[in-house]
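Asks: Submitted below is the structure of interest, expressed as structure tokens.
The values are calculated or read from the model by the stated rules, or taken from the named source; none is laboratory data. Because the structure is a prediction, the values reported are computed rather than measured. Positions of Cβ are backbone-derived with ideal geometry, glycine not excepted, and every protein chain shown enters the neighbour counts. To get the accessible areas, we keep the full protein, side chains included, count just its heavy atoms, and leave off ligands, DNA and RNA. Shrake-Rupley method; radii C 1.70, N 1.55, O 1.52, S 1.80 Å.
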Amino acid sequence: MDSRPVREETLLSRARSSSSDYAETYDEYMKESIQKWPLWAAIDLVLIILFALLGRREHEHALSIVGILMTALPFLIAYVIMTLLSKPNKTINKLFPVGLLVWIGTVALGLALRIALGSTAAVPFIIVAFLVLGAFLMGRRLVTSLVARKLNK
């Protein structure tokens, strides 16, 4: 009698069981994490303020709190709108497609608001805003996801 089919079936069922346990644990962590969505949104808002601070410092503008907040304001408003539209209690840590849409929407709407408020948006600024906010907003989601997976191993 050949015991290979039984052994293979046992190995397959173990693999399925451990991967489903992992998936359950990961899903549970992400659900707990999503319940803390105001914290994740606050971290994203701080990253947007950091973007404004770094930009003002790089261009030797005054690093006053008012100046930094005025630079960040269009992007902060845009982020809040995009985040609320994305149902953050369910999606705050998702990379794709929600994270991608929040990032691109934040940049696009932020630039439109910046122009509407009387500031400029030169092509180099648009490129830097797109890249830096992408790194910050998508990077935070990527780190959150990686930490969730690491904690569940």
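Asks: Could you tell me which residue of region 18-50 is modelled with the highest pLDDT, considering only residues that are open to solvent by 90 Å² or more (accessible area, probe 1.4 Å) and assigned to a helix (DSSP H, G or I)?
Replies: 46
Asks: While we're here: Among the candidates 53, 85, single out the residue that is crowded, with 16+ Cβ neighbours inside 10 Å, modelled with pLDDT of 90 or more and within 21 Å of the chain's Cα centre (by Cα).
Replies: 53
Asks: Which of the numbered conditions does residue 102 fail, given that it passes all the others? Conditions: (1) open to solvent by 60 Å² or more (accessible area, probe 1.4 Å); (2) touching a Phe, Trp or Tyr at 6+ places or on another chain (Cβ under 9 Å).
Replies: (1)
Asks: Follow-up. Can residue 145 be described as touching a residue at least 12 places away in the same chain (Cβ under 8 Å), of a type in the set (Gly, Ala, Ser) and part of a helix (DSSP H, G or I)?
Replies: Spelling it out, residue 145 is indeed touching a residue at least 12 places away in the same chain (Cβ under 8 Å), of a type in the set (Gly, Ala, Ser) and part of a helix (DSSP H, G or I).
Asks: Turning to a different aspect of this structure: Quick test for you: out of 102, 107, 132, 98, pick the one residue that is closer than 15 Å to residue 44 by Cα, without any contact (Cβ under 8 Å) to a residue 24 or more places away in the chain and not in a loop (DSSP other than H, G, I, E, B).
Replies: After ruling out the rest, the residue left standing is 98.
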